[in-house]
Each structure stands twice: as C-alpha cells, then as structure tokens.
Amino acid sequence: MVLAQHETTRLQHSGAPQARWINDAIRFYIEFHREQEGLDGCIVNDVLPIAALLNPAALSFESSGWWWIWRRGSTGATRGSIRTAHG
C-alpha cells in the first residue's frame, strides 16, 4: 500500500490522539522514498499498527490456547512450532 503525502496531512487533522505522532513518523519515510525513488508517498506493509494507534478499539485480543515455540538448531537457525493447550 502506498500512503501519499496528502493522506498523512488528512490523518494529522483527524483529531485522533496519536495522529500527529504517526504523521511525523510517516513523513520521514515519505521524504526518503521521494529522494530515493521519486515516489510521492511511502510504502506501508502493515496498516494494522496504524489502525491500533488511531483507534485502540479496532482490535481485540483473546486467549486462543496456541503457543509459538522457538528452537535453535545445530546450524544456529531458529525454527518454530505451534502447540495447543492440549499438546
């Protein structure tokens, strides 16, 4: 997703408590992409954190009974596996 400069300006004026902070952070990336690639915007790979900052009620969490277990192999690489509450 490409977030354009005018969209961050609109975001800043939205009245959301974190909007100015998000706008300032994204503006840095917009300037980087403009200078490096000539893109008038920045690439946002995951909009979920932005949504959570603007509206914390947009997300809810609940226990799922799943765990992610990391293991380091003999080569130093890590592997993960999923376990449930029942094994």
Pairs, please: C-beta under 8 Å, at least 6 apart or cross-chain, first residue modelled with pLDDT under 80 and in the range 38-52, second not in a loop (DSSP other than H, G, I, E, B)?
ILE50/ILE22; ALA51/ALA58; ALA52/ALA58
Take GLY73 and decide whether it is in contact with a strand residue (DSSP E or B) (Cβ under 8 Å, 6 or more places away or on another chain), among the small types (Gly, Ala, Ser) and at pLDDT 80 or above.
no
Name the residue that is farthest from ALA52 (Cα to Cα), counting only residues in the range 4-22 that are in a loop (DSSP other than H, G, I, E, B) and among the aliphatic types (A, V, I, L, M).
ALA4
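The values are calculated or read from the model by the stated rules, or taken from the named source; none is laboratory data. In this text the structure is predicted, and so the values were computed from the model without any measurement. Here Cβ is always computed from backbone atoms with ideal geometry, including for glycine, and neighbour counts include all displayed protein chains.
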